[in-house]
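S.K.: Would you mind keeping the following structure in view while I ask a few things?
The values are calculated or read from the model by the stated rules, or taken from the named source; none is laboratory data. No experiment lies behind these values; they were computed from the predicted model shown. Cβ atoms come from the backbone with ideal geometry, glycine included; neighbour counts cover every protein chain shown. For accessibility, only protein heavy atoms count, side chains too; no ligands or nucleic acids. Shrake-Rupley method; radii C 1.70, N 1.55, O 1.52, S 1.80 Å.
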Amino acid sequence: MPVTLFLEGVPCVLQESQDLSFLHRWGRVFRVFDQQDSGNLCFGLEQGSQRYFVKYAGARPVRYKGEPEEAVRHLQQSACVYRDLAHPALLPLLWEGPVAEGYALLFPWTDALCMGKQYPTRERFLALPVDTKGRIFQEVLSFHSHVAARGYVSVDFYDGCVLYEEASGRTLLCDVDAYHRTPFANPVGRMWGSTRFMAPEEFTKGAPIDESTMVHALGSFALELFAPEGRSLSHWPLSPAAWKCAQKAISPPREERYPTVAAFAQAWAQAL
């Protein structure tokens with residue numbers, strides 16, 4: 001039976017009760033994200049003029065089917081990923097460490113719009129002008145070129161990873177916890193992530209997960225960003241050449257895609 005805790009009046013639903021008083025070190029809870037199936041709980045906290053985002057593993061969120069120890073191990077590993085992939089477009093990791101019965105990562109809070117389907121800001125995000133979306137996509141491409149250069153491949157990249165700050169015009173990436181060093185092979189069969197962004201090899205155990213897999217995710221993101229109404233050419237606001245570029249990026253046979261993010265970025269620029 002789910003248990004509802006109230007943190008400064010904000011409800012947090014768990015499978016079983018847990019002491020979350022450690023959060024007070026970063027201030028007052030004003031937002032709770034308790035519906036993730038990753039095993040993480042996330043919180044918005046404020047202390048004076050400062051606001052923070054905390055990701056915590058060690059509890060049993062209501063939608064999580066695994067063990068807290070597994071979520072803790074994954075979160076500890078993700079801290080290394082955030083440090084290795086530090087970039088102006090990546091939400092910076094401010095602190096990490098053990099707390100209470102688990103582990104936590106601390107980030108700055110942002111009031112950015114999130115494109116993810118599960119967030120109420122999605123419609124505002126998708127209503128942004130086409131030229132703004134173009135700049136957002138360019139930042140996403142730039143960050144993933146950096147990911148490739150650092151010897152990583154994206155895993156579980158989807159629209160919920162992309163944020164846009166209206167006030168500053170800044171694009172931010174978050175939730176890169178599952179990004180993995182290469183070489184890397186599919187260890188499970190159906191991998192983690194949203195089916196809308198996944199390549200065929202992410203459903204085949206033992207298949208290589210490489211830069212062409214990342215190209216597929218980026219091509220899918222382009223279609224979702226510019227033509228979310230069914231990803232159809234009739235709703236595509238850019239050039240036909242850019243449409244063909246995105247379609248090549250999501251080709252099911254990996255040999256028909258662009259082999260690298262840099263090659264995709266170059267073809268995209270020429271198509272525009």
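S.K.: Within the set of pairs 6+ apart or on separate chains, which have a first residue in segment 236-254 that is touching a residue at least 60 places away in the same chain (Cβ under 8 Å) and within 18 Å of residue 131 (Cβ to Cβ), a second that is of a type outside the set (D, E, K, R) and open to solvent by 60 Å² or more (accessible area, probe 1.4 Å), and C-beta atoms under 9 Å apart?
M.R.: So the pair list comes out as 237/130; 238/130; 238/272.
Residue-by-condition table, conditions (1) in contact (Cβ under 8 Å) with a residue 40 or more places away in the chain; (2) assigned to a strand (DSSP E or B):
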site	(1), (2)
24	no, no
42	no, yes
46	yes, yes
66	no, no
72	no, no
83	no, no
88	no, no
98	no, yes
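S.K.: Name every residue in segment 101-133 that is outside any helix (DSSP H, G or I), touching a Leu at 6+ places or on another chain (Cβ under 7 Å) and free of Cβ contacts under 8 Å to residues at least 40 places away in the same chain, in order of residue number.
M.R.: Matches in segment 101-133: 121 only.
S.K.: For residues that are in contact with a helix residue (DSSP H, G or I) (Cβ under 7 Å, 6 or more places away or on another chain), among the hydrophobic types (A, V, I, L, M, F, W, C) and not in a helix (DSSP H, G or I), tally how many sit in segment 159-215.
M.R.: Residues in segment 159-215 being in contact with a helix residue (DSSP H, G or I) (Cβ under 7 Å, 6 or more places away or on another chain), among the hydrophobic types (A, V, I, L, M, F, W, C) and not in a helix (DSSP H, G or I): 8 in total.
S.K.: Please work out which one of (1) crowded, with 17+ Cβ neighbours inside 10 Å; (2) closer than 23 Å to residue 95 by Cα; (3) touching a residue at least 24 places away in the same chain (Cβ under 8 Å) is the condition residue 14 fails and give its number.
M.R.: Every condition holds for residue 14 apart from (2).
S.K.: For segment 171-213, what are the residues that are closer than 21 Å to residue 79 by Cβ, of a type in the set (Phe, Trp, Tyr) and modelled with pLDDT of 95 or more?
M.R.: Within segment 171-213, 179, 184 qualify.
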